[in-house]
Amino acid sequence: MPFLDRFDLTVDVPKLPSGTLTQKHQPGETSVDIAKRVKHARECQLARAGVLNSELTPKQLKQDSNISQQDLEFLEQSVVSLGLSVRSFHRIQRVARTIADLQQSTTTERGHIAQALGYRAMDRLLAKLNQQ
């Protein structure tokens, strides 16, 4: 499990439903728009802490992630119930702060934390397997 702690994001990609490729879809966000959002988020991170979120120390996370005590407790309970490590606790905070930055939010909220937890699919799978 310590090896998998080093991955911040794991994403399960389900099969496409039948007809998805042939149906007309509303255009989504363009690559140019996404690139602008990412660039802006990186600039915010550097301006706030002098480093990217991925490089924040646990001490810097406390100072810069702007997470309420209730939401930190929610994250801690989630980490404990999923059987994740302290390293995961900090990595999830970093990812949640990045999600908040991409949404141009000055605070890291429970929704950001929940989304970051969702990217730990491999951790959840392994925790379930260990319970059997």
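For this structure, a couple of remarks:
- For region 22-33, the criterion of being modelled with pLDDT under 95, surrounded by 11 or more Cβ atoms within 10 Å (Cβ to Cβ) and over 18 Å from L102 (Cβ atoms) is met by none of the residues.
- Verdict on L84 being assigned to a loop (DSSP other than H, G, I, E, B) and in contact with a strand residue (DSSP E or B) (Cβ under 9 Å, 6 or more places away or on another chain): yes
- Here is the figure for region 57-81: residues that are assigned to a helix (DSSP H, G or I) and closer than 12 Å to I113 by Cβ total 10.
- In region 39-56, the residues that are in a loop (DSSP other than H, G, I, E, B) and surrounded by fewer than 12 Cβ atoms within 10 Å (Cβ to Cβ): G50
- Lone qualifier among L126, L61 - being modelled with pLDDT under 85 and either surrounded by 12 or more Cβ atoms within 10 Å (Cβ to Cβ) or within 21 Å of I34 (Cβ to Cβ) (or both): L126
- Among the candidates L75, L102, L84, L117, residue that is more than 30 Å from D33 (Cα to Cα), within 15 Å of the chain's Cα centre (by Cα), at pLDDT 85 or above and surrounded by 12 or more Cβ atoms within 10 Å (Cβ to Cβ): L75
- A96 vs. criteria in contact with a Ser or Thr (Cβ under 7 Å, 6 or more places away or on another chain), modelled with pLDDT under 90 and either within 16 Å of Q70 (Cβ to Cβ) or surrounded by fewer than 21 Cβ atoms within 10 Å (Cβ to Cβ) (or both): no
- Restricting region 1-21 to residues that are in contact with a helix residue (DSSP H, G or I) (Cβ under 9 Å, 6 or more places away or on another chain) and either part of a loop (DSSP other than H, G, I, E, B) or modelled with pLDDT of 80 or more (or both), the residue that is surrounded by the most Cβ atoms within 10 Å (Cβ to Cβ) is D8.
- Contacts under 6 angstrom Cβ, first residue in region 86-97 being free of Cβ contacts under 8 Å to residues at least 40 places away in the same chain and small (G, A, S), partner part of a helix (DSSP H, G or I) and buried (at least 21 other Cβ atoms within 10 Å of the Cβ), 6 or more apart: A96/H112; A96/I113; A96/A116
The values are calculated or read from the model by the stated rules, or taken from the named source; none is laboratory data. Treat the numbers as computed from the prediction; the structure is a model and nothing was measured. Heads up, the Cβs are rebuilt from the backbone with ideal geometry, glycines too, and the neighbour counts pull from every protein chain shown.
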